[in-house]
1. Restricted to the stretch 60-73, and to residues that are more than 37 Å from the chain's Cα centre (by Cα) and of a type outside the set (Asp, Glu), which residue is nearest to residue 121 (Cα to Cα)?
2. Open to solvent by 100 Å² or more (accessible area, probe 1.4 Å) and either under 15 Å from residue 125 (Cα atoms) or at pLDDT below 85 (or both): which single residue out of 42, 54, 37, 50 fits that description?
3. Pull out all pairs, ordered by first then second residue, where Cβ-Cβ is under 8 Å, the residues are six or more apart or on different chains, the first lies in the stretch 115-144 and is closer than 20 Å to residue 63 by Cα and without any contact (Cβ under 8 Å) to a residue 60 or more places away in the chain, and the second is in a helix (DSSP H, G or I) and among the β-branched types (Val, Ile, Thr).
4. I'm checking my understanding of the structure. Among residues of the stretch 155-181 that are farther than 17 Å from residue 134 by Cβ and among the hydrophobic types (A, V, I, L, M, F, W, C), which one is most open to solvent (accessible area, probe 1.4 Å)?
5. Pick from 243, 257: which is closer than 30 Å to residue 186 by Cβ, modelled with pLDDT under 75 and within 53 Å of the chain's Cα centre (by Cα)?
Amino acid sequence: MGEENKQFESLVELLKTKITEDGVTRVVQERLDTARKGLEEKRRRFLRSKVLYKVISDISMDPSCPMHTEIADNLTLAELSGCIDLGSTEGGHANSPGDRITTLALESDDIQRPPTSLQLQKVLKQSIEERLFDQNKALYLIVSQDNGTTELKASLLHPHLLRLHDKISGIVSSAKDSEKEMTILNSSLDEALRKQTNILTKMEAGLDILINKHYKGSKLESTSVQVQYMRAKCETLRLKIKSLLMEVINTTYNKESVK
């Protein structure tokens, strides 16, 4: 028996070295972690590209920009180049990958994109920096709720914007922790209310037995007095339970948790 226990313990230790706590092999877990990291990096690149595209689109439609027409033309050509290739057909064999499907049978080389001038690059870069700075500044003022930094110069406000990511991450983490805590408190409150409901149900059943078997139809002189006494006692118990309920609610939904 002792030898079997040792073999079992050795097998358990071997499984711990091969399998994670979630029941996945460590090789598969490493692949999942690598895939998640790659997916997260792609998501970040996509978000950066999406934000940059939105900013450039806004600049191309802003009449106050001195070169918004040239920016709009270059943006249109870039969008056309990206919309030409629609994919490819699936081939029946490995040596025939299929035919490419393009818009109107065009190729990327068919769209001639003129070289971007240095002046255009300078204006576009300056406009992008100004718009991103204004957006980040507005987001920082919302997060920090500090009106004293509204009139700060860009050089003085830049360090605050660099720490904006950490501030937002802290707010998100705090919100998630508060949500978890609220869920636990709600579960505790529901459990307390269920217990109190069960107690009240048992009290009601006991009162029905007392009234129907011992007091109903009785002609004793002390019947009315005892009934009034029991009524007052039940009312006292009801008030105690209600006071306990109010105390639980007050503890759960205090000023700190409501914020």
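1. Step by step, filter the stretch 60-73, then rank; the result is 67.
2. Of 42, 54, 37, 50, the one residue that is open to solvent by 100 Å² or more (accessible area, probe 1.4 Å) and either under 15 Å from residue 125 (Cα atoms) or at pLDDT below 85 (or both) is 54.
3. Qualifying pairs under 8 Å: 120/71; 123/71.
4. The residue in question is 171.
5. On inspection, the qualifying residue turns out to be 257.
The values are calculated or read from the model by the stated rules, or taken from the named source; none is laboratory data. Since this is a predicted model, take the numbers as computed values, not measurements. All Cβ positions, even for glycine, are placed from backbone atoms using ideal geometry, and neighbour counts span all protein chains on display. These area figures cover heavy atoms from the full protein model, side chains too; ligands, DNA and RNA do not enter into them. Shrake-Rupley method; radii C 1.70, N 1.55, O 1.52, S 1.80 Å.
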